[in-house]
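The values are calculated or read from the model by the stated rules, or taken from the named source; none is laboratory data. None of the values given here were measured: they were computed from a predicted structure. Here the Cβ positions follow ideal geometry from the backbone for every residue, glycine too, while neighbour counts run over all protein chains shown. Areas reflect the complete protein model, heavy atoms only, side chains present, ligands, DNA and RNA absent. Shrake-Rupley method; radii C 1.70, N 1.55, O 1.52, S 1.80 Å.
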Amino acid sequence: MKYLVMVQGTQADYDAMKGRASADSPAWNEDDVQAMYAFMQRVNDDLTTSGEMVDAQGLAAPARTRFVTAGEDGRPVITDNPYGETEVLLAGYWVLDCDSLDRVTAIAARIAQCPVPAGSPDYPVVIRPIMDSADDM
């Protein structure tokens, strides 16, 4: 079965990774950032070797987000940067093809061990099965 495994963050977290601390997230230094990237690369390499990796991507900062909805007149309504600094949202994801929920849970538990500076927020790693058909609802 395929699973979407998601990590979360806020704009403040992205700012912190660029060295700008806030009340919600301590500033990261270059060693912190490189440790995170190295950890994620090892996870990705292992998942590729095991044949479970389908796709994985980190997402740009929330400030670069755009919402497009339909207005009352049918024209698009575009909202840039709709998130507050502390609103938690999707920061990156993996699409994995795993034999069981137990296996993908073990992978998520490993991802949850990603190194971060002391005092950083602790977000859950979210697992969602990907539907193959309407029967999977």
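Here are the numbers for the structure shown:
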| read-out | value |
| --- | --- |
| Part-to-part distance (alpha-carbon centres) for the range 10-35 and the range 62-83, which is given in Å | 27 Å |
| The chain - percent of accessible surface contributed by carbon and sulfur, probe 1.4 Å | 50 percent |
| For residue 14, net neighbour charge (Lys/Arg +1, Asp/Glu -1) across residues whose Cβ lies under 15 Å away | -3 |
| √(5λ) per eigenvalue of the Cα gyration tensor, the range 1-79, largest first, Å | 30, 24, 8 |
| Per residue value of the accessible surface for the chain (all protein chains in place, 1.4 Å probe), Å² | 63 Å² |
| For residue 56, residues with placed amide H under 5 Å, excluding near neighbours | 95 |
| Table column - 3J(HN,Hα) (Hz), the range 116-126, Karplus curve with 6.51, -1.76, 1.60, x for Gly and Pro | 9, x, 4, x, 5, x, 10, 9, x, 8, 9 |
| Among (i) 10.4; (ii) 11.8; (iii) 12.8, the entry derived from the coordinates for mean projected area of the Cα convex hull in nm² | (i) |
| Stokes-Einstein D (µm²/s) once Rh is taken as the Kirkwood radius of the range 72-137 over alpha-carbon pairs, at 4 °C in 1.567 mPa s | 82 µm²/s |
